[in-house]
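Just passing along the structure, written as structure tokens.
The values are calculated or read from the model by the stated rules, or taken from the named source; none is laboratory data. Everything quoted here is computed from the prediction, not taken from an experiment. Cβ placement follows ideal geometry from the backbone for every residue including glycine, while neighbour counts extend to all protein chains displayed.
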Amino acid sequence: MNPHGRTRRYAVRPFALATALTVIGICVAKEWQGLGRLHFLGYDYAFFYNAFLHVLAGQADWNHLYNPASERAFLTAHGYPMDPHNHYVYPPQFAWIFAWLGLFPFGLSLALWRMLSMTAGMFGVYWTMKTLWPRIRRGHFLLAVAATLTLTPFQLDIAVGNVNTILFALLALAFYAIHRLDKPTVGALALAAAAAIKVTPLALLVAFAIQRRWNVVTRSLSILALGLAASFLFLGWESTAAYAAHFLQFGKQSMANGPAPYNQSLLGVLELLWSKGRGGSTPTWLSLLFDAYALALVFVIGAAMRRKPWTSESIRIGLSALLPVAVSPLVEQPHMVLTLPALMASFHLIRRHPVASARRTYALLLATAYGLQTLPATFLVNHLTRWVPSLYWLHIQMFVSFACILGALLMMARRHASRPAARTATVA
């Protein structure tokens, strides 16, 4: 052991940490300044807050809660830009759960929402790490938090005031309760809460059904049904019924905002490449192609999660986290926060992989996936496409990141499945 070498390493660490924090701070400040110039800071939360006010005023019916004229008046009064395709598109239960935030003035309420989201994000990172690593060091946790702070989806979600970071925390809690603590009821509570806030997390129930975790599926649905029934006492049932009837219409309205970079699903990417960045209507065949892709992906992910005895819990966690993003025809950049458990599960698996050559391949995929989600990559793409418009296709970076994570997890699942059982037992 060289004591001088160890001393040098300890001396370098504070410098490296200070440099990393400086770079993170500059990137975050630049991102928020850019959003501020566009008047997008708190933009999504303005729709939420307007819905909260309606619930507090006893106007939880469809005509008030989802009234475009009311939304336009509120956004105009607070200096936000108008877009005819943007609306409050969440279930009435979301506005009911968080209506207490409408008791505060808008600026203070937005600050509280951001504090809640930031706290939820930190807990989400912690729960995910505890699921994968039973014992974690404080330094490793702080490093994971710092890495999360560099991600464009996380910063964008906090800045505009969306709810994806809170959803990430609920899904992380569900994974922790189910896979580490073996408490399916706690996991079901978290999943039901996430589904009451937004419909997308219901895809997680498909993942647990594939794994035959029927206790999680049935308890989640039972708790969700009880929660809906309780909400009807305050909201009535009409607004929920109307929301269900208009759900597909909401999706079409949101999709009208255009392809990537707004929509980072495969459908958004194909639309961008088809229109060459000029916009326009979506051909029917593109929608049909995406439907076939989403269905095929469910079967592929399901097959990977059902492999036994070789498939580890980490692969199941990663693939389950990716499923809501995989099947959604609309993936905005903040939605990519939901891929964080898959990123961390991939890192955990790569560090444990016994084959060096394969480990390098998976590490390259993971580094690419993480790098494409970071703020510097977003800044670079934005600048390049502004200077050279013909590079419009670079705006598919979030989809490429998703594809890299999915590819790494599927390949690791396949590798484990092809290994002889005796060899697996030796390695384990």
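Of the conditions (1) more than 30 Å from ALA46 (Cα to Cα); (2) in a helix (DSSP H, G or I), ALA169 clears all except one; give me its number.
With (1) more than 30 Å from ALA46 (Cα to Cα); (2) in a helix (DSSP H, G or I) applied to ALA169, the lone miss is (1).
Matching residues to (1) within 19 Å of LEU151 (Cβ to Cβ); (2) surrounded by 12 or more Cβ atoms within 10 Å (Cβ to Cβ); (3) touching a strand residue (DSSP E or B) at 6+ places or on another chain (Cβ under 6 Å):
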position: ALA18; (1), (2), (3): no, no, no
position: THR22; (1), (2), (3): yes, no, no
position: LYS30; (1), (2), (3): yes, yes, no
position: GLY42; (1), (2), (3): no, yes, no
position: ASN50; (1), (2), (3): no, yes, no
position: VAL55; (1), (2), (3): no, yes, no
position: ALA60; (1), (2), (3): no, yes, no
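What do you reckon, is GLY36 surrounded by fewer than 11 Cβ atoms within 10 Å (Cβ to Cβ) and either under 20 Å from PHE154 (Cβ atoms) or of a type in the set (Gly, Ala, Ser) (or both)? Spell out how you get there, then give the answer.
Numbers: surrounded by fewer than 11 Cβ atoms within 10 Å (Cβ to Cβ): no; either under 20 Å from PHE154 (Cβ atoms) or of a type in the set (Gly, Ala, Ser) (or both): yes.
So GLY36 does not fit the description; no.
Yes/no per residue for (1) free of Cβ contacts under 8 Å to residues at least 12 places away in the same chain; (2) under 22 Å from PHE141 (Cα atoms); (3) touching a Cys at 6+ places or on another chain (Cβ under 6 Å):
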residue	(1), (2), (3)
SER312	no, no, no
SER328	no, no, no
LEU364	yes, no, no
THR368	no, yes, yes
TRP393	no, no, no
LEU410	no, no, no
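Out of curiosity, is VAL217 β-branched (Val, Ile, Thr) and closer than 30 Å to ASP182 by Cβ?
On the way: β-branched (Val, Ile, Thr): yes; closer than 30 Å to ASP182 by Cβ: yes.
When the stated conditions are applied, VAL217 passes them.
Also, I was wondering about something else. Examine region 59-73 for a residue that is modelled with pLDDT of 85 or more, of a type outside the set (D, E, K, R) and farther than 30 Å from ALA193 by Cβ, and state whether such a residue exists.
Taking region 59-73 first, the residues modelled with pLDDT of 85 or more are 59-73.
Still in the list and also of a type outside the set (D, E, K, R): 59-60, 62-70, 73.
When the remaining residues are screened for being farther than 30 Å from ALA193 by Cβ, the result is 69, 73.
Scanning region 59-73 turns up at least one residue that is modelled with pLDDT of 85 or more, of a type outside the set (D, E, K, R) and farther than 30 Å from ALA193 by Cβ.
Something else about it: Applying the selection to region 314-345, what residues are more than 23 Å from ASP157 (Cα to Cα) and of a type in the set (Ser, Thr, Tyr)? Give the steps one after another, and end with the answer.
Let us first name the residues in region 314-345 that are more than 23 Å from ASP157 (Cα to Cα), namely 314-316.
Answer for region 314-345, where residues must be more than 23 Å from ASP157 (Cα to Cα) and of a type in the set (Ser, Thr, Tyr): just SER314.
Which residue, of PHE52, PHE40, is part of a loop (DSSP other than H, G, I, E, B) and either closer than 28 Å to ALA377 by Cβ or out of contact with any Lys or Arg (no Cβ under 8 Å at 6 or more places or on another chain) (or both)? Spell out the reasoning first.
Details: PHE52 fails: part of a loop (DSSP other than H, G, I, E, B).
So the residue among PHE52, PHE40 that is part of a loop (DSSP other than H, G, I, E, B) and either closer than 28 Å to ALA377 by Cβ or out of contact with any Lys or Arg (no Cβ under 8 Å at 6 or more places or on another chain) (or both) is PHE40.
Can you confirm whether region 250-260 contains a residue that is within 25 Å of MET336 (Cβ to Cβ), buried (at least 21 other Cβ atoms within 10 Å of the Cβ) and either free of Cβ contacts under 8 Å to residues at least 40 places away in the same chain or not charged (D, E, K, R) (or both)?
Of all residues in region 250-260, those within 25 Å of MET336 (Cβ to Cβ) come to 250-260.
With buried (at least 21 other Cβ atoms within 10 Å of the Cβ) added as a condition, the list becomes 259-260.
Going one step further and asking which of them are either free of Cβ contacts under 8 Å to residues at least 40 places away in the same chain or not charged (D, E, K, R) (or both), we end up with 259-260.
Checking region 250-260: at least one residue is within 25 Å of MET336 (Cβ to Cβ), buried (at least 21 other Cβ atoms within 10 Å of the Cβ) and either free of Cβ contacts under 8 Å to residues at least 40 places away in the same chain or not charged (D, E, K, R) (or both).
What's the number of the only condition in (1) surrounded by 13 or more Cβ atoms within 10 Å (Cβ to Cβ); (2) within 28 Å of ALA342 (Cα to Cα); (3) not hydrophobic (A, V, I, L, M, F, W, C) that TYR66 fails to meet?
Going through (1) surrounded by 13 or more Cβ atoms within 10 Å (Cβ to Cβ); (2) within 28 Å of ALA342 (Cα to Cα); (3) not hydrophobic (A, V, I, L, M, F, W, C) one by one, TYR66 breaks only (2).
Next up: Restricting to helices (runs of 4 or more DSSP H) lying wholly in region 176-257: which have 2 or more residues that are more than 23 Å from SER328 (Cα to Cα) and polar (S, T, N, Q)? Explain how you work it out, then say what you get.
Values: elements: 184-197, 203-210, 214-235, 238-245, 247-255.
It comes to 214-235.
Table: residues versus (1) touching an Asp or Glu at 6+ places or on another chain (Cβ under 8 Å); (2) within 17 Å of PRO324 (Cα to Cα); (3) at pLDDT below 95.
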{"position": "ALA95", "(1), (2), (3)": "no, no, no"}
{"position": "TRP100", "(1), (2), (3)": "no, no, no"}
{"position": "PRO105", "(1), (2), (3)": "no, no, no"}
{"position": "LEU108", "(1), (2), (3)": "no, no, no"}
{"position": "TYR126", "(1), (2), (3)": "no, no, no"}
{"position": "TRP133", "(1), (2), (3)": "no, no, yes"}
{"position": "ALA169", "(1), (2), (3)": "no, yes, no"}
{"position": "TYR176", "(1), (2), (3)": "no, no, no"}
{"position": "THR185", "(1), (2), (3)": "no, no, no"}
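Restricting the search to region 187-218, which residues are modelled with pLDDT of 95 or more and in contact with a Pro (Cβ under 6 Å, 6 or more places away or on another chain)?
ALA194, ALA195, ASN215, VAL216
Considering each of ILE166, ILE210 in turn, give the residue that is surrounded by fewer than 22 Cβ atoms within 10 Å (Cβ to Cβ) and β-branched (Val, Ile, Thr). Working first, answer last.
Numbers: ILE166 fails: surrounded by fewer than 22 Cβ atoms within 10 Å (Cβ to Cβ).
Answer to the selection: ILE210.
Right, here's the next one. How many residues does region 275-305 hold that are surrounded by fewer than 14 Cβ atoms within 10 Å (Cβ to Cβ) and modelled with pLDDT under 90?
8
Any residue at all in region 77-95 that is out of contact with any Ser or Thr (no Cβ under 9 Å at 6 or more places or on another chain), among the hydroxyl-bearing types (Ser, Thr, Tyr) and surrounded by fewer than 18 Cβ atoms within 10 Å (Cβ to Cβ)? So that I can check it myself, show each step before the final result.
Quick first cut of region 77-95, residues out of contact with any Ser or Thr (no Cβ under 9 Å at 6 or more places or on another chain) only: 77-81, 83-84, 88, 90, 94-95.
Checking which are among the hydroxyl-bearing types (Ser, Thr, Tyr) leaves us with 80, 88, 90.
Filter once more, so that each one left must be surrounded by fewer than 18 Cβ atoms within 10 Å (Cβ to Cβ): none.
Within region 77-95, none of the residues are out of contact with any Ser or Thr (no Cβ under 9 Å at 6 or more places or on another chain), among the hydroxyl-bearing types (Ser, Thr, Tyr) and surrounded by fewer than 18 Cβ atoms within 10 Å (Cβ to Cβ).
Here are ALA207, ALA159, ALA193: which of them is outside the structural domain of ILE24 (by TED's automatic domain parsing), of a type outside the set (Lys, Arg) and closer than 17 Å to PHE94 by Cα? Reasoning before the result, please.
Values: ALA207 fails: closer than 17 Å to PHE94 by Cα; ALA159 fails: closer than 17 Å to PHE94 by Cα.
So the residue among ALA207, ALA159, ALA193 that is outside the structural domain of ILE24 (by TED's automatic domain parsing), of a type outside the set (Lys, Arg) and closer than 17 Å to PHE94 by Cα is ALA193.
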